[in-house]
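These notes concern the structure reproduced below.
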Amino acid sequence: MGECAQLEPTKGIRMSEFDTPPSRSVSGALIGVIVAALLLAVGGLVWTYVLSTRLSRQEAALTQANEANTKLAATLRETDARLKATTEELGQSLGLTQKQLEARAQEIQAREQADSKRLESAQRAANQQITAVNSAVSDVKTDVGGVKTDVAKTQSDLATAVSQLQSMKGDMGTQSGLIARNHDELELLKHKGDRTYYEFTLVKGQKKPVGTVSLELKKADAKKSRFTMTVFADDKSYEKKDRNLNEPLQFYGGKDPALYEIVVNSVSAKNTVTGYLSVPKGAPVPPSVN
């Protein structure tokens, strides 16, 4: 029993030694839990604040968007109203323009038809004129052919007639050109074109300008076909006394002396002679001669 009494106190001491450490362990875990809970609570509060701030911003943005949508809707309604009014005006204007276009088209079509008719009429008239011109051209070609033949014949006759004209020596001893014995032969010489010719008729006692000289008939003998005349040229005078018909009466005249010739073709009983003056081409001409 004594042993048992001695053993009990020892057992009690052991129990107190083992009971103290578990109490301290429970308190540390609790504090850790509390700290963790506090940290979680603080983190939740921070996160809640952040979310609240973001939500406020989103709500403000949403409010602005709603206001913008409201303004946009109002602007859209106003634009629709303007567009509707403009569309109505454009429709009225287009309707008026369409009428004008139709009227203009009808006018143009009528004008084109009238122009087409005028063109057809003009073409018919032109065709008739072309036919007439072609016929006239054919006639002209025929006439030209005949004229060519006539010209060739005339040239042949002229050559034959000219070949029959005489060439004589003048009263100064110079060989004269061809001499015309009448008006017809003088026309042949004119066509030949070698010299210039001036025809004249002189009455006795009359001084008459012929070309660039003057002639005065002094005497005319119709029976003997002889005459006497005076030639006035370049402030000089030349007497051609008792000359015969168709005899070249020669003298020199002009600034550059050239051979002039006078031929008398007839002498009448009325103291009148007819003939011509022959001068070289390029000799001076009287002022009245163009």
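Points worth noting:
- Too-long pairs where the Cα-Cα distance tops 24 Å, listed order kept, from 207/236; 169/270; 236/270: 169/270; 236/270
- Under 13 Å of direct C-alpha separation, and excluding same-chain neighbours fewer than eight residues apart, residue 99 reaches these aspartates and glutamates: 107.
- Legend: calculated FRET efficiency, residue 223 to residue 281, from the Cβ-Cβ distance at R0 = 25 Å, rounded to 0.05, equals 0.10.
- Here the calculated FRET efficiency for residue 117 and residue 140, from their Cβ-Cβ distance with R0 = 25 Å, stands at 0.15, rounded to the nearest 0.05.
- Gain on full stretching of the segment that runs from residue 230 to residue 132 - 0.36 nm per residue minus C-alpha separation: 29.0 nm
- Estimated FRET transfer efficiency when R0 is 30 angstrom, pair residue 269-residue 191 (beta carbons, to 0.05): 0.40
- Segment residue 42-residue 239, extension gain: residue separation times 0.36 nm, minus the distance between their alpha carbons: 54.4 nm
- Converting phi to 3J(HN,Hα) with the Karplus coefficients 6.51, -1.76 and 1.60 and the offset θ = phi - 60°, region 223-233 yields 5, 8, 6, 10, 7, 9, 9, 10, 10, 10, 8 Hz in sequence order, with x at every glycine or proline.
- Residue 33 paired with residue 147, simple spin-label distance in nm, labels 7 Å along Cα-to-beta-carbon: 14.7
- Label-to-label distance, nm, for residues given as residue 70 and residue 51 (7 Å Cα→Cβ offset): 3.0
Rule-based calculations on the coordinates, nothing more; no lab input. Keep in mind that what you see is a predicted model, and the values were worked out from it rather than measured. Here the Cβ is made from the backbone with ideal geometry for all residues, glycine too, and neighbour counts use every protein chain on show.
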